[in-house]
Each structure stands twice: as structure tokens, then as C-alpha cells.
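Sharing a structure with you now.
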Amino acid sequence: QELRRALEQLCAGCGWAAGAASRSAAPPAELAHALQSLGVVLNSQLRHPNEERYQRINAANAAMRRLLALAGARDVLRAIGFEQTDGSAHWLWKAPDDGAKSQSADTDAGCAWLRRARDVLQETLTPA
């Protein structure tokens, strides 16, 4: 899965192995904080699927700046379904196209996608 690969690369870039067999130590603080912030974004999207403001990330936000400063963070955002808007400090969420009609967070498929992404993030942060 693209998200798992992107997360493994992000974790490796921070000097922490994300694989289940090697997760005996806690992740570095900056990585844990960045992934927890991303988890908050995903949870907000799931709680407010009809509100457009929860479908975007403001890259100027302090927590998001810390996330985006990590090598590989942009690949993680893209794997979740965020796209950076041209000339903007915002990343907009659009569910990956699986050949079906366009998805949004207010659809069952969009919510299911976000829940899977949130679960993968949680698994990454949970020690073995």
C-alpha cells in the first residue's frame, strides 16, 4: 500500500524503523508529534465530513510546518489523498480515484478511506 510505504520512508528519514517487528522503541518526538497532528486532521475530517474547512490543511499552521519539514511528509500527504494547490499554502483532500465517481469525505467511501488512513497512522505509532 502506498501510504504504508510513504510512512516507512518518513520514519526511516527520522531514524526510526516503522516495521512492526522493529518497533520496540518509541518514535522520535518530532515524528510522533507530526503523525499525531496528521491524525488530528483525519479525525476532524471524519467528525465533520460536510464542512469544507476540514478538507484542507493550512501549511502555514505551526503543527503542519513541523510535519512538512520532515523528509517524505509530502509523499505521506499525497498517499492519503491531499493535493497541494498551486501557489497556495493549502493542501486539499480529494479521495484517491478508484475508477468510481468522485469521492468526498461526506460519502461512505470517502469516510472509509479516511478511517483506513487513520488506522495505518495509528499502527505506525504503536510499539510492537
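The values are calculated or read from the model by the stated rules, or taken from the named source; none is laboratory data. The shown structure was predicted, so the numbers you read here are calculated from the model rather than taken from an experiment. So basically every Cβ, Gly included, is an ideal-geometry build from the backbone, and we count neighbours across all protein chains shown. Surface accessibility is based on the protein's heavy atoms, side chains included, excluding ligands, DNA and RNA. Shrake-Rupley method; radii C 1.70, N 1.55, O 1.52, S 1.80 Å.
Among (1) within 12 Å of the chain's Cα centre (by Cα); (2) surrounded by fewer than 18 Cβ atoms within 10 Å (Cβ to Cβ); (3) farther than 16 Å from residue 120 by Cα, where does residue 2 come up short?
Tallying (1) within 12 Å of the chain's Cα centre (by Cα); (2) surrounded by fewer than 18 Cβ atoms within 10 Å (Cβ to Cβ); (3) farther than 16 Å from residue 120 by Cα, residue 2 fails exactly one: (3).
Ok, one more. So if I check each of 34, 69, which one is under 20 Å from residue 11 (Cβ atoms) and open to solvent by less than 30 Å² (accessible area, probe 1.4 Å)?
On inspection, the qualifying residue turns out to be 34.
Looking at (1) open to solvent by less than 20 Å² (accessible area, probe 1.4 Å); (2) closer than 19 Å to residue 125 by Cα; (3) not polar (S, T, N, Q), find the lone condition where residue 74 falls short.
Only one criterion is unmet by residue 74, namely (1).
I'd like the residue in segment 1-52 that is basic (Lys, Arg) and at pLDDT 90 or above and, out of all such residues, is farthest from residue 74 (Cα to Cα).
It comes out as 47.
Would you tally the residues in segment 88-128 being among the hydroxyl-bearing types (Ser, Thr, Tyr) and modelled with pLDDT of 75 or more?
Residues flagged as among the hydroxyl-bearing types (Ser, Thr, Tyr) and modelled with pLDDT of 75 or more within segment 88-128 amount to 4.
Just give me the residues in segment 39-55 being under 11 Å from the mean Cα position of the chain (by Cα) and among the polar types (S, T, N, Q), in sequence order.
Hit for segment 39-55 is 43, nothing else.
Let me ask something else. Looking at residue 36, is it within 15 Å of the chain's Cα centre (by Cα) and either among the charged types (D, E, K, R) or over 23 Å from residue 110 (Cα atoms) (or both)?
Spelling it out, it is not the case that residue 36 is within 15 Å of the chain's Cα centre (by Cα) and either among the charged types (D, E, K, R) or over 23 Å from residue 110 (Cα atoms) (or both).
Looking at this structure, is residue 77 touching a residue at least 60 places away in the same chain (Cβ under 8 Å) and part of a helix (DSSP H, G or I)?
Taking the combined requirement at face value, the residue does not satisfy it.
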